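Single-structure report; data block below.
The values are calculated or read from the model by the stated rules, or taken from the named source; none is laboratory data. In this text the structure is predicted, and so the values were computed from the model without any measurement. Because the Cβ atoms are built from the backbone with ideal geometry, glycine has one as well, and the counts that use them run over all protein chains shown.
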Amino acid sequence: MSGVTNQGGVQAEFDGLLGRFRLKVSLTIPPKGITALVGPSGAGKTSLLRAIAGLTRLPGRVLMDGAVWQEGRRFVPVHKRALGMVFQESSLLNHLSVKDNLLFGYRRSTEPKTMGLDEIVPLLGLEPLIGRSTDNLSGGERQRVALGRALLSQPRLLLMDEPLSSLDAESRAEILPFLEALHRTLSIPVLYVSHDAEEVARLADHVVTLNAGQIVGTLQRATPDPLSPLSADQIRDLARQALEAGIKPNPAAR
Amino acid sequence: MADVIWTTLKLASLTTLLLLVLATPLAWWLARQKVWWKEIIAALAALPIVLPPTVLGFYLLLLLAPSSPMMELLRPFGIQSLAFTFPGLLIGSMVYSLPFAVQPIRNGFEAMGDRPMEVAATLRATPLNAFFTVAVPQARRGFLTAAVLVFAHTVGEFGVVLMIGGGIPGQTEVISVKLYQLVESLQFGEAHRLAAGLLVFSFVVLLTMFLTERRARKTAP
Amino acid sequence: MKPVGVLARLSGLIAVVCALNVAPAAAATVQIAVASNFMEPAKEIAAAFTAKTGHQTNLIFGPSGQIYVQITHGAQFEVFLSADKERPEQAEKDGFSVNGTRFTYAVGRLVLYSTRPGFVDANGKVLARADFAHLAIADPAIAPYGLAAVESLGKLGLYDRLKPKIVQGSSIAQTFQFVQTGAAEVGFVALSQVINRPDGSRWIVPATLHTPIDQQAVLLKTGANNPAAKAFMTFLKSQTARAIIRRYGYETP
């Protein structure tokens, strides 16, 4: 798939309070591949994601591909950041049709248009949904539309906040192949928050473990290679890290 | 009689349209801001509900009379007094019905929650663009409720009109006061006819608004 | 407590309650409906009446038209003090009052008034000059002072010329408010409203320019057998009452 490849990835550092919760991290997301952000609930994964997006404002620093998104007093507003976000609850705009949802960011983006409907629709299996309203879509369909919508806004970073955790097992099984297909074709970095070990095993190139607002472990490949899944050793390491951090891996994982 | 009806309709329609526009920024601010004194502003905006209309009308009369500070500001434009004029009545009606516009629109914005605006931001929409293309459509039920309430409230407005209207034919003579006059001068037949006409018309307008709202809810955009 | 004791206490209690409820034959209560513009004098007259006769009064105030509608729909008023004579005449015609009890208790005087000193001259020439934006009058369809104002303007030959400047208050009280707040520079109000105010400027309109503003009272059928009601009607014609009425800026016939 054609696309502009990123050289720099994301550097993010935060040290701030959200209520009684303190987030203190220094994180590098490689310019290619899916980085999974795992940890027990309450660890601060969503907070970190929102802080990188700029939806929540925390003292810190965010550099995207060398460009400053946040530094010192400088803060680039969310709508000026070339990012795409998929929320846990899809959050489709229900006053618009599926097509208008998909094109919402596309119509407003000032980045060069490298991804269009022609590519995204078949990639995510959205043909039967074009022309429909957002009523009566299944959970899996909604998330695929949300994903397509985020991608069509020409992002240079894709953020995904537990996109599958509010789906039932069947929808999850239906959508994972699409995510894997996406994984193979995307050339932008993805930060994928999850508490499910199977998703991580199937999708992640890199893993960052978060607990109580701090990073407790990272697992990185030298070069991301979606065609070769994490090895058994790596999975074991991952599982051990996860147990130490208090999350239970899915027993059905490879 | 036709004059009176026309003046009433003109007043109700203009008050509704103007309030929908002017109350929206305030309603948006109240729905989104998190400063501690926001509810003080909200309570001030709701005061017209609590004041008896004749009291409200009395203070409006003072405000619109030639000697008021507000009129001092308008004098360079050649305006001496707004009492007993249609524009003055329009201002009075807008103050009287302000809470009926602010509250439902605020509720509409609050019911939407934060997520739609966040989604819009992640999809490159500037805050202003997001307001018009996401917030307003999402809150349309609130706007519709506000329109219905303000229109009905203005048609039924009596105490305020009594105080600042002066009963000028073609300008400030409205149905509610006319009805009162007819009853007071014992012309019951005519009063019954006017009241019946008013009821039928208002009922039709309200029913139309409610049906429109129901249809808007069901139709896929 | 022994049963005999209980009975004794109970009878004692009943006796006291009965004694409290039995009023002396002379002290009855009369329900009086009064036109709003006569509120202050009415209160004083009622107080004087109670002091003299021991009868109690219950005063209800409102626009004369509204009071009349209530009367025709069963309101239990016994005496009606109207702001005009049309309503009492109507009451007689419709059979709600006792024949022969209708009389004029006060005569209103029309005054052209402005809060600006020196604005209204002693002859009302300010009307001819017409250098004001708004002239307030009471609604002639509802209030006799309004009708009187229109008649006076007609007699002076100024009605057509001044019509565009006229603003109507729904009652004489409201008309006065228009003038008092300055919303209308000048207006036709009741003498009773300005008699105790030294400020502004005024012209007492000659009574020849308009139909007399006769305020009439009538005894309603509800009060036909109430000695207090009848006593009140009589008191209203007494010198004491007439003196009060005149003090408030009305004339007595």
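Observations
- Within segment C:93-103, the set of residues being over 13 Å from C:LEU236 (Cβ atoms) and surrounded by 17 or more Cβ atoms within 10 Å (Cβ to Cβ) comprises C:PHE96, C:SER97, C:VAL98.
- Being within 14 Å of chain B (Cβ to nearest Cβ) and without any contact (Cβ under 8 Å) to a residue 24 or more places away in the chain holds for only one residue in C:VAL150, C:VAL179, and it is C:VAL150.
- Among the conditions (1) under 20 Å from A:LYS32 (Cα atoms); (2) touching a helix residue (DSSP H, G or I) at 6+ places or on another chain (Cβ under 7 Å), A:ILE175 misses just one, which is (1).
- Test: C:ALA35 is more than 27 Å from C:GLN193 (Cα to Cα), at pLDDT 90 or above, surrounded by 15 or more Cβ atoms within 10 Å (Cβ to Cβ) and within 14 Å of chain B (Cβ to nearest Cβ): no
- Any hit, segment A:113-120, residues being among the β-branched types (Val, Ile, Thr) and closer than 23 Å to A:SER187 by Cα: yes
- Those strands (runs of 3 or more DSSP E) lying entirely in segment C:176-234 with at least 3 residues of a type outside the set (Ser, Thr, Tyr) and within 20 Å of the chain's Cα centre (by Cα): C:186-190, C:213-219
- Qualifying helices (runs of 4 or more DSSP H) (wholly inside segment B:113-204; at least 3 residues being away from chain C (no Cβ under 14 Å)): B:115-122, B:127-130, B:140-155
- Qualifying residue in segment B:171-184 (condition: surrounded by fewer than 16 Cβ atoms within 10 Å (Cβ to Cβ) and closer than 20 Å to B:ASP3 by Cβ): no
- Boolean, C:VAL179 is β-branched (Val, Ile, Thr) and over 19 Å from B:THR172 (Cβ atoms): no
- Enumeration of residues in segment C:167-188 that are over 18 Å from C:ALA148 (Cα atoms), surrounded by fewer than 24 Cβ atoms within 10 Å (Cβ to Cβ) and small (Gly, Ala, Ser): C:GLY182
- Only one entry in C:ALA128, C:ALA47 is in a helix (DSSP H, G or I) and closer than 20 Å to C:LYS230 by Cα, namely C:ALA47.
- Screening segment A:130-228 for strands (runs of 3 or more DSSP E) wholly inside it with 1 or more residues that are away from chain B (no Cβ under 14 Å), buried (at least 18 other Cβ atoms within 10 Å of the Cβ) and more than 13 Å from the chain's Cα centre (by Cα) returns the ranges A:206-211, A:214-219.
- Scanning segment A:115-129 for residues that are in a helix (DSSP H, G or I) and of a type in the set (A, V, I, L, M, F, W, C) returns A:LEU117, A:ILE120, A:VAL121, A:LEU123, A:LEU129.
- Residues that are facing chain B (nearest Cβ under 8 Å) and among the acidic types (Asp, Glu), drawn from segment A:53-99: A:GLU89
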